[in-house]
1. Picking from Leu137, Leu102, Leu115, which residue would you name as being at pLDDT below 95, over 16 Å from the mean Cα position of the chain (by Cα) and of a type in the set (A, V, I, L, M, F, W, C)?
2. If you go through the range 154-213 one residue at a time, how many are open to solvent by less than 50 Å² (accessible area, probe 1.4 Å), over 18 Å from Asp83 (Cα atoms) and of a type in the set (Val, Ile, Thr)?
3. For the range 1-19, how many residues are over 30 Å from Phe158 (Cα atoms), of a type in the set (A, V, I, L, M, F, W, C) and open to solvent by 60 Å² or more (accessible area, probe 1.4 Å)?
4. Which residues, taken from the range 106-143, are part of a loop (DSSP other than H, G, I, E, B), closer than 14 Å to Ala162 by Cα and open to solvent by 10 Å² or more (accessible area, probe 1.4 Å)?
5. Quick one: which strands (runs of 3 or more DSSP E) lie wholly within the range 22-97 and hold at least 1 residues that are open to solvent by 20 Å² or more (accessible area, probe 1.4 Å), free of Cβ contacts under 8 Å to residues at least 60 places away in the same chain and within 29 Å of Phe158 (Cα to Cα)?
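The values are calculated or read from the model by the stated rules, or taken from the named source; none is laboratory data. Treat the numbers as computed from the prediction; the structure is a model and nothing was measured. Virtual Cβ from ideal backbone geometry, glycine too; neighbours counted across all protein chains shown. Just so you know, the surface numbers come from the protein's heavy atoms only, side chains and all, with ligands and any DNA or RNA stripped out. Shrake-Rupley method; radii C 1.70, N 1.55, O 1.52, S 1.80 Å.
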Amino acid sequence: MGYLRVPEAIPSELVTRLLAVVREEFAAERGPCRRGAEGEIVRIDGVSRRDPVFIEALTTPDLLDVLRVLLGPRIVLLQNRHDHATLNRRGDILVRLHRDVLQWSRPVITVLLFLERSGPANGCTHVVPGSHMAPYLGMSPEGGGGNWVDDHEEYAHFPDQALPAPLPAGGALIMDGLLFHSVGHNTTEDSRTSVTFALRSCDELSVHEGRHQVIVGSPLYRGNDLHHANSDHRTVLREGKERHDDV
């Protein structure tokens, strides 16, 4: 299917604190943020750097139990993909099916935490089950990351297969980053506040600097350069054979 709903991912007390921080940040209009056609803020970015409550939410025990099953004991937060909060008021977000990454060789797990009830009437996320297995068909003509369904005619049948994924406040929707999904139409006068993160497993070839933060476990790096840095020899390749020369 490519997605998992966790109805009770974070406790109500933490939901209340998260919602208060998100509303305060929107009211203060602190950047980085994105604005709608009328100049109103529709999204605030870089939330994990704004307040420690966001990392606290990602590492709350019930949610973390699920994430460890999917990603293992070391988990990395990608601060250059998602890491944002949206109020999802009527007309805030364009309804458009998309993927969060281009193709399978750089996988991520998308985690949406809902701070208010999310249902069909107020624009709950819609998903296309199994679409994470669809092939990569090239970059979006608009640039940027991910893929949009309407950029490729081969995906034209996906909108008819989209299903709503409702969740209560405190619930989490966890998806393969290749799963096509979209916010739904909010036909109410209420918001449908959520925060979204991109996570991946900490692997042995990743150097975690700048925009990638290890939030669970410790960094793991086993690249070849560690061997060369600690060796008294250098390896020379000649005629398909390794020869070790003294330095």
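1. Leu137
2. Number of matching residues: 1.
3. Total meeting the criteria: 0.
4. Pro120, Pro129, Gly130
5. So the answer is 33-35, 41-45.
Here's the yes/no breakdown for (1) more than 15 Å from His98 (Cα to Cα); (2) hydroxyl-bearing (Ser, Thr, Tyr); (3) under 16 Å from the mean Cα position of the chain (by Cα):
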| site | (1), (2), (3) |
| --- | --- |
| Leu167 | yes, no, no |
| Gly171 | yes, no, yes |
| Asp176 | no, no, yes |
| Val183 | no, no, yes |
| Thr188 | yes, yes, no |
| Cys202 | yes, no, yes |
